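Written out below as structure tokens is the structure these notes cover.
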Amino acid sequence: MKHMLFDRPDFKKQLAKFKGEPNLIEELKQHLSEDFQGFSAVRIESSSGNGGSFLLHALANELSRKELRVAFLHFKSGTFFSDLTEYHLSEILQRSIVCIDNLHVLLQNQEQKALVEEFLKELAAKNGKLIYACQPEENLENQHWIAQLFTQPATMFSLLPLPSEERQKWARRWLFPHSIFEIPLEVFEKANSNRDFLISLKPYIEQQEWQYGTNYAEIRKQKETLSALELRLLRTKIGVLELEEEKQINIRDQHYERAAATREKQVSLQAELLVIRTELENLSILPKPSEQAMELYVYHKALLKTIKAEETAQSEALVYLEKQVESANITKAACTDATEQMDKLKAHQDTINWTQALERFRSTEKKPFDK
């Protein structure tokens, strides 16, 4: 959209986050303290991926913070200076500083270059300042051409790929020392752009975050998934209980067809419980050495225990009945001729009762979520 060419700098791109040669950063800070006094044009020259656009955003943010009137223009392939309306141009020329990102895109077209020249002459006539980012050129034609449009001198900052030592310092922001030693040395080579270097680091950062439970964005997503499953579980269980009451009323009132229909609804809800359980069991949530990761792990474990609670209770009840039968048989076997008749009868009856209870429980033992 046309109006997006005339925009605000990205507030997330700050000079404090810019990675460059220490001497360059100090020089930039000195110029910023003086609002680039003495210069009409400031050129940021950078190959793709070495931070030219980032630095332009950062400088625009610094100058805006000082309550200077800053206009920020961003161009890319397929956008043109002619896309700006007369209203936009009037607004831009009222600002004391104009920042243009990817100016080289416009200068490749003679018609667009002529429009840029007309605009810059008007900016110079109003004593405005131009700060622009562009890619390196084979010759200095455009650099000299822009400088000649203004009365005051121009200055240039050339951004080069960071050296290996600086890149290793940069990597320590995200990686533990032992992880850095695992990275091949060619990743840190200066021949790669800074952006390519960061792209190469990404798999190592993601692996470390996964290993130590600091992949917070993923943890948040997993927590949202667990919350949704817990809500489904509670709603489904409540539905089953409500239908159980409805079914008992129909049976009591001898409305057997209604009771059968209610039973079918219960079966459907029980199938949903099984789906929820499967989804919970399929989630891979492991304990990791971070507070957020452990909270997620405990949450997952608690939900699994909740959904398996009935099955666990059934297993414990079965074990209890088996022990009672075993105990009753031992007591019965210990009875002798000298044992009181009443004790013998009681031991015999206990054996019968516990054995029958065990057989009935086994025959009616519920499957998970079966009612």
Review point. All but one of (1) outside any helix (DSSP H, G or I); (2) in contact (Cβ under 8 Å) with a residue 24 or more places away in the chain; (3) not aromatic (Phe, Trp, Tyr) hold for residue 308; which doesn't?
Key: (1)
Practice item. Report, by residue number, each residue of the stretch 167-186 that is part of a helix (DSSP H, G or I), more than 21 Å from residue 50 (Cα to Cα) and among the aromatic types (Phe, Trp, Tyr). Key: 181
Review point. Out of (1) crowded, with 17+ Cβ neighbours inside 10 Å; (2) of a type in the set (Lys, Arg); (3) not in a helix (DSSP H, G or I), the odd one out for residue 190 is which?
Key: (1)
Review point. Does residue 33 meet the test of being among the polar types (S, T, N, Q), more than 23 Å from residue 136 (Cβ to Cβ) and open to solvent by 30 Å² or more (accessible area, probe 1.4 Å)?
Key: yes
Review point. Only one of (1) farther than 18 Å from residue 297 by Cβ; (2) of a type outside the set (A, V, I, L, M); (3) open to solvent by 40 Å² or more (accessible area, probe 1.4 Å) fails for residue 236. Which number is that?
Key: (3)
Practice item. Residues being part of a strand (DSSP E or B) and aliphatic (A, V, I, L, M): count how many of those fall in the stretch 57-89. Key: 3
**Study point:** The listed residue being of a type outside the set (Gly, Ala, Ser) and modelled with pLDDT of 95 or more, out of 254, 222, 211
**Key:** 222
Check your understanding: Are any residues in the stretch 325-342 polar (S, T, N, Q), out of contact with any helix residue (DSSP H, G or I) (no Cβ under 6 Å at 6 or more places or on another chain) and more than 17 Å from residue 359 (Cβ to Cβ), and if so, which ones?
Key -> 336, 339, 341
Review point. Assuming residue 152 fulfils every condition listed in (1) open to solvent by less than 30 Å² (accessible area, probe 1.4 Å); (2) in contact with a Ser or Thr (Cβ under 7 Å, 6 or more places away or on another chain) apart from one, which condition is it?
Key: (1)
Point to revise | Inter-residue pairs, beta-carbon under 7 Å, first more than 20 Å from residue 274 (Cβ to Cβ) and in the stretch 233-251, second open to solvent by 80 Å² or more (accessible area, probe 1.4 Å) and assigned to a helix (DSSP H, G or I), 6+ apart | key: 250/258
Review point. Can you tell which of 116, 98 is within 36 Å of the chain's Cα centre (by Cα) and open to solvent by less than 50 Å² (accessible area, probe 1.4 Å)?
Key: 98
Study note, to complete from the structure: Within the stretch 290-320, of all residues that are acidic (Asp, Glu) and farther than 30 Å from residue 354 by Cβ, the one least open to solvent (accessible area, probe 1.4 Å) is 295
Exercise for review: Look at the stretch 193-224 and say how many of its residues are buried (at least 16 other Cβ atoms within 10 Å of the Cβ) and within 30 Å of residue 304 (Cα to Cα).
Suggested key: 8
Check your understanding: So which of 180, 131 is hydrophobic (A, V, I, L, M, F, W, C), in contact with a Cys (Cβ under 6 Å, 6 or more places away or on another chain) and open to solvent by less than 40 Å² (accessible area, probe 1.4 Å)?
Key -> 131
Practice item. Could you grab the pairs with beta carbons closer than 7 Å, sequence gap of 6+ or different chains, first residue in the stretch 4-23 and surrounded by 12 or more Cβ atoms within 10 Å (Cβ to Cβ), second one of a type in the set (Phe, Trp, Tyr)? Key: 5/75; 7/72; 8/72; 9/72; 13/54; 18/54; 19/170
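The values are calculated or read from the model by the stated rules, or taken from the named source; none is laboratory data. On a predicted model such as this, the values are computed, not experimentally measured, just so you know. Virtual Cβ from ideal backbone geometry, glycine too; neighbours counted across all protein chains shown. Side chains included, ligands, DNA and RNA excluded: accessible areas come from the protein's heavy atoms. Shrake-Rupley method; radii C 1.70, N 1.55, O 1.52, S 1.80 Å.
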